[in-house]
Amino acid sequence: MLYDSTKPFHTYVDAKAGTVDRAIFADQAIYEMELERIFARAWNFMCHESQIPKAGDFFLSFIGEESVIATRDKKGELQVLLNSCRHRGNAVCRAEMGNARSFLCTYHGWTYGLDGQLIGVPGYKDFYHEQLDKSQWGLVKAGKVASYKGFVFATMDPEAPDLDEYLGPVGRLGLDLMAEKGDVVAVEGVQKNLIGCNWKLAVDNLYDWYHVQISHASSTMSGYSRPLVPAVVDEGAPKPPQQNQQMLHRVLLGDYGHGISGPRRSPEMREYQQLVGDKIEPLNDDRWRDEPAAKAALGEAGADTRGHPNIFPNLWVASGGTQLSLRLPRGPGQCEIWWFTLVPRDMPKETRDLRIMRANHTFGPAGMLEQDDGENWDQSTRATRGPIAQRYPLNFAMNLGLGEPTVTADGVRYIDTHINEHAQLWTYRAWAEWMDADNWADLKKSRTPTPVGAV
Ligand code: FES
Ligand code: FE
């Protein structure tokens, strides 16, 4: 079924049957509506504050396909500005990041301040006769800009709820799983590459622990993939408890489509980690979770959550809270993947180097895992286009109806189960709600609340 404007989007995602129509991965009209109804409305991740610490620092990011400048103005306030001159639309910033006093358009020379104000117009007196109202022709500014523990987000829609409300407990926990590791800073440089896939398939995959054994078999066989059971550096350390990690998963379904899904730490594993202490290989060291501040932030549901969070629509907090990945839309069949690596500021150089090396060899264009994943997403996207394939929906029914939530004392719900597809289906369900809603007021009213019963 290709896009039919008479049918609401919730008919493309059958949450009861656990199926999703292939048109949503292929259709140009649907894609264009996503840019407007999801990306132009949502809180989008811009950068980490450590990438723009001083006045004049800027980082070029995207809202959907539109280039935006995240910057700090002279007062040190965060600003997010559409990177398009108000004269003929030219980009006013071409560098990916840096420090500037102002943004000069290289076409005719209009100049904008760090807060987006139009401050300079060549020929203002002679050609415009001082009749151009500069106060009306500044760069387009984001509707709201905010930072959560150093993670900078912006929405173009002033009607959007504040960031804290947008994230809700699950979105906040997703970011806490990185932020609570200490004072983290972004490593210089962001890896960027294009994959021939629909952006939603790349998002869907971050929750997918079903594919690991098959898709990443070569990485496992080569000895590259790290086991989920913590490795120790001391041969004499006690052996970890024997567990089937595929059966030990935790899912959290959050507001507006956020989610967390993946392995959880068992009580035996938590005890084991305390027992072996410093003998744990540093990249597997989970003891930061037991520090009082982290413990309070993560709460009962987060203490043992080791899965992958996604901040809807497209920010993955990856690699056990070491990397951030954006899945940026570039057409129905193209996705630009960005990888940020973050490390605690005071991390010893040796561990920091090891972490960066792991990051570069796991994801990104040279990543062992992303090369496997990218091929699959590319083939899946190709197979959504044909008129024959279009007649047959995709299946997201694993464990459907059997995911029973537990409610914590602070009201957070989580589902402990085995490998499953709850978070993927939740994402598509939220996607349909965003696409059907006409505006923020409508979305707030019509969205499905975090489920109380079995999903
Ligand atoms: Fe920017 Fe003309 S397009 S000054
Ligand atoms: Fe993968």
Residues whose placed amide H lies under 5 Å from that of Arg306, excluding near-sequence neighbours: Arg264, Arg265
Would you order Met33, Met269, Met97 from fewest to most other beta-carbon atoms within 10 Å of each residue's own beta-carbon? Met33, Met97, Met269
Distant-in-sequence amide H partners of Tyr148 (H built 1.01 Å from N, under 5 Å): Phe153
Let a ≥ b ≥ c be the square roots of the eigenvalues of the Cα gyration tensor of the range 345-455; is it rounded (a/c under 1.5), or, if not, prolate (a/b larger than b/c) or oblate? oblate
Would you mind checking which residues have amide H under 5 Å from Val185's amide H? H placed 1.01 Å from N; only 5 or more apart, or other chain. Val343, Arg345
Only counting other Cβ atoms within 10 Å, I'd like Lys445, Lys134, Lys144 sorted with the fewest neighbours first. Lys445, Lys134, Lys144
Output needed: Cys residues of the chain lacking any neighbouring Cys C-beta below 4.7 Å, sorted by number. Cys47, Cys93, Cys197, Cys335
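Are any of the pairs Lys16/Lys295; Lys75/Lys134; Lys54/Lys149; Lys74/Lys181; Lys75/Lys149 more than 28 Å apart by Cα-Cα distance, and if so, which?
Lys16/Lys295; Lys74/Lys181
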Along the charge dipole of the range 202-266, pointing to its positive end and built from +1/-1 on Cβ of Lys, Arg, Asp and Glu, which listed residue (His258, Leu206, Ala237) has its Cα farthest out? Ala237
Under Karplus coefficients 6.51, -1.76 and 1.60, residue-wise ³J(HN,Hα) of the range 5-19 in Hz, glycine/proline x: 5, 7, 9, x, 5, 5, 7, 8, 10, 9, 5, 6, 7, x, 10
Residues with beta-carbon under 11 Å from that of Gly56, excluding Gly56: net charge, scoring Lys, Arg +1 and Asp, Glu -1? +2
Could you compute the net charge surrounding Val121? Neighbours are other residues with a C-beta less than 15 Å from the C-beta of Val121; K and R count +1, D and E count -1. +1
I need Glu34, Glu433 ordered by Cβ neighbour count within 10 Å, fewest first. Glu433, Glu34
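Each value in this text was obtained by applying a stated rule to the coordinates, not by laboratory testing. These numbers were taken from a predicted model, which means no experiment stands behind them. A quick note on method: Cβ atoms are made from the backbone with ideal geometry, for glycine too, and the neighbour counts reach across all protein chains shown.
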